[in-house]
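All remarks here apply to the structure that follows.
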Amino acid sequence: MKAVFLDRDGVINSLVYYPEQGVLDSPFTPEQFRLLPGVAQAIRKYHKMGYKVILASNQPGIAKGILSEEAFEAIRRKMKRELAKEGAFLDGEYYCPHHPEAKVKRLKANCGCRKPEPGLLLQAAKDMGIELSRSWMIGDGLTDVKAGKRAGTRTILMGRKKCELCQLMDEEDVRPDAIAPDLLAAAQHILKQEAK
Ligand SMILES: [Zn+2]
């Protein structure tokens, strides 16, 4: 079994701009959760290509005390509902709830599942019988690329060719197998690789 692992924020749903902090971050309410265009279609495509589609996401909001369990669950439900409306679904969802500086004691940890650590992918592989060398990790951050590489998958960075992360990629010497602007383009890349 092979899988496409997807980061959530910035890949499945748009990031939310918080003007007070001047930052882009995860949605903290279901209302703020918006699927990006083409995501459901791309997930259907991955399934058609024989991949399991598995979410692998750092979600430290509860640990940091800025997100309630209820809101987290409500966001998950909305995500699944919105995908289902367009005939798409996820085969698994894996979240790291930890943060090294967490306010919530039980979630304060230097864990092995917070990306760039590969724990989420390794756990999913074990649970679902995934061959990581035939799998892909797709995310919009270098932490996603690192987690994929550490787990032994190929990696696709979501972004533009002239990207803000390119300098960082050079500095940290972390290179994805490809850069794609969205999940549909990533699917095209995977198809091309399989045809080789
Ligand atoms: Zn963790």
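The values are calculated or read from the model by the stated rules, or taken from the named source; none is laboratory data. None of these values were measured; they are calculated from a predicted model. Here Cβ is always computed from backbone atoms with ideal geometry, including for glycine, and neighbour counts include all displayed protein chains.
Quick one: which residue in A88, A84, A74 is away from the ligand (no atom under 16 Å from the Cβ) and buried (at least 16 other Cβ atoms within 10 Å of the Cβ)?
Numbers: A84 fails: buried (at least 16 other Cβ atoms within 10 Å of the Cβ); A74 fails: buried (at least 16 other Cβ atoms within 10 Å of the Cβ).
Exactly one residue qualifies, and that residue is A88.
Determine which member of the set G141, G129, G159, G148 is touching a residue at least 12 places away in the same chain (Cβ under 8 Å), exposed (fewer than 15 other Cβ atoms within 10 Å of the Cβ) and small (G, A, S).
Working: G141 fails: exposed (fewer than 15 other Cβ atoms within 10 Å of the Cβ); G159 fails: exposed (fewer than 15 other Cβ atoms within 10 Å of the Cβ); G148 fails: exposed (fewer than 15 other Cβ atoms within 10 Å of the Cβ).
Exactly one residue qualifies, and that residue is G129.
Name the residues in region 6-41 that are surrounded by fewer than 13 Cβ atoms within 10 Å (Cβ to Cβ) and acidic (D, E), would you?
Once the filter is applied, which keeps residues that are surrounded by fewer than 13 Cβ atoms within 10 Å (Cβ to Cβ) and acidic (D, E), region 6-41 yields E20, E31.
Answer yes or no: is there a residue in region 145-165 that is touching a Ser or Thr at 6+ places or on another chain (Cβ under 7 Å), in a helix (DSSP H, G or I) and within 14 Å of L6 (Cβ to Cβ).
Restricting attention to region 145-165, the residues satisfying the condition of being touching a Ser or Thr at 6+ places or on another chain (Cβ under 7 Å) are 145, 148-149, 152-153.
Filter once more, keeping what is in a helix (DSSP H, G or I): 145, 148-149.
Filter again for within 14 Å of L6 (Cβ to Cβ), leaving 145, 148.
Yes, there is a match, as at least one residue in region 145-165 is touching a Ser or Thr at 6+ places or on another chain (Cβ under 7 Å), in a helix (DSSP H, G or I) and within 14 Å of L6 (Cβ to Cβ).
Right, R150: out of contact with any Gly (no Cβ under 9 Å at 6 or more places or on another chain) and either within 16 Å of the ligand (Cβ to nearest atom) or at pLDDT 95 or above (or both) or not?
Answer is yes for this residue.
Quick check on my filter: what residues within region 91-109 are near the ligand (Cβ under 9 Å from one of its atoms) and not in a loop (DSSP other than H, G, I, E, B)?
Going residue by residue through region 91-109, those that are near the ligand (Cβ under 9 Å from one of its atoms) are 95-99, 107, 109.
Result: Y95, C96, H99, L107.
Can you name every residue in region 176-189 that is more than 17 Å from the chain's Cα centre (by Cα) and surrounded by fewer than 17 Cβ atoms within 10 Å (Cβ to Cβ)?
Taking region 176-189 and keeping what is more than 17 Å from the chain's Cα centre (by Cα), we get 188-189.
Answer for region 176-189, where residues must be more than 17 Å from the chain's Cα centre (by Cα) and surrounded by fewer than 17 Cβ atoms within 10 Å (Cβ to Cβ): just Q188.
Do the conditions hold for A42, that is, is it in a loop (DSSP other than H, G, I, E, B) and of a type outside the set (V, I, T)?
Details: in a loop (DSSP other than H, G, I, E, B): no; of a type outside the set (V, I, T): yes.
When the stated conditions are applied, A42 does not pass them.
Quick check on my filter: what residues within region 110-126 are assigned to a helix (DSSP H, G or I), within 13 Å of the ligand (Cβ to nearest atom) and in contact (Cβ under 8 Å) with a residue 40 or more places away in the chain? Walk me through how you get there before you give the answer.
Within region 110-126, the subset assigned to a helix (DSSP H, G or I) is 119-126.
Remaining after also requiring within 13 Å of the ligand (Cβ to nearest atom): 119-123.
Within region 110-126, L120, L121 meet the criteria.
Please tell me if D140 is at pLDDT below 95, within 13 Å of the chain's Cα centre (by Cα) and over 15 Å from P60 (Cα atoms).
Working: at pLDDT below 95: yes; within 13 Å of the chain's Cα centre (by Cα): yes; over 15 Å from P60 (Cα atoms): yes.
Here the answer is yes, as D140 does meet what is asked.
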